[in-house]
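Since the structure comes first, as structure tokens, the remarks are kept for the end.
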Amino acid sequence: QVQLVEFGGGSVQPGGSLRLSCVASGTIVSINAMGWYRQAPGKQRELVATITKGGSTNYADSVKGRFTISRDNAKKMVYLQMNSLKPDDTAVYYCNIDRVVLAGGYGGAYWGQGTQVTVSS
């Protein structure tokens, strides 16, 4: 089975920074896409940023220039550096891995349990 564990959530004042980390474990051969999504109270889950195995990135317009996604393929980890945080960034952040190949074959997509990020003065 595949497990995703997220680290690094917490509370910060507006303008502050946080770094989220996510590590994948299990019988994983390769992970094509890794990413972060978020869900604020009363809203739908939305894409924050994704990164392919080759390093191509995609960001939501609302976080461009403030957030940076990166990954370590050998460690099966994905990171999200969040700078200049705003109250609107408050949400539960979820790690996602997609187009995963397992030792037993194609595995699909998986989600972490989520980590709370709160931006407030």
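The values are calculated or read from the model by the stated rules, or taken from the named source; none is laboratory data. Predicted model, so just to flag it, every value in this text is computed and none were measured. Neighbour counts run over all protein chains shown; Cβ positions are idealised from the backbone, glycine included. Just so you know, the surface numbers come from the protein's heavy atoms only, side chains and all, with ligands and any DNA or RNA stripped out. Shrake-Rupley method; radii C 1.70, N 1.55, O 1.52, S 1.80 Å.
Relative intensity of region 1-71 on a log10 scale, I(q)/I(0) at q = 0.24 Å⁻¹, equals -1.34, per a Debye sum over C-alpha point scatterers of equal strength in the absence of solvent. Comparing region 1-41 with the 2.2 N^0.38 Å rule of thumb, its C-alpha radius of gyration ratio is 1.50 (two decimals). Ranking Met34, Met77 from most to least accessible surface, computed with a 1.4 Å probe over the protein chains only, gives Met77, Met34. Among the protein heavy atoms of the chain, carbon and sulfur supply 47% of the accessible surface, probe 1.4 Å, non-protein parts ignored. Set the Cα radius of gyration of the chain against 2.2 N^0.38 Å, with N its number of residues, and you get 1.03.
Gain on full extension, evaluated as 0.36 nm per residue between Ala60 and Lys86 minus their Cα-Cα distance, stands at 7.9 nm.
Highest-first packing order for the peptide set 7-17, 44-54 is 44-54, 7-17, based on the mean count of other beta carbon atoms within 10 Å. Across every direction, the projection of the convex hull enclosing the Cα atoms of region 76-121 has a mean area of 4.1 nm². Using a Gaussian network for the chain with springs between C-alpha atoms less than 10 Å apart, which of these wobbles most: Val29, Val92, Val63? Greatest mean-square fluctuation among the candidates belongs to Val29. Computed over region 34-104, the convex hull of the alpha-carbon atoms projects to a mean area of 5.6 nm².
For region 1-44, the relative contact order comes to 39 percent (Cα pairs under 8 Å, sequence separation of at least 6).
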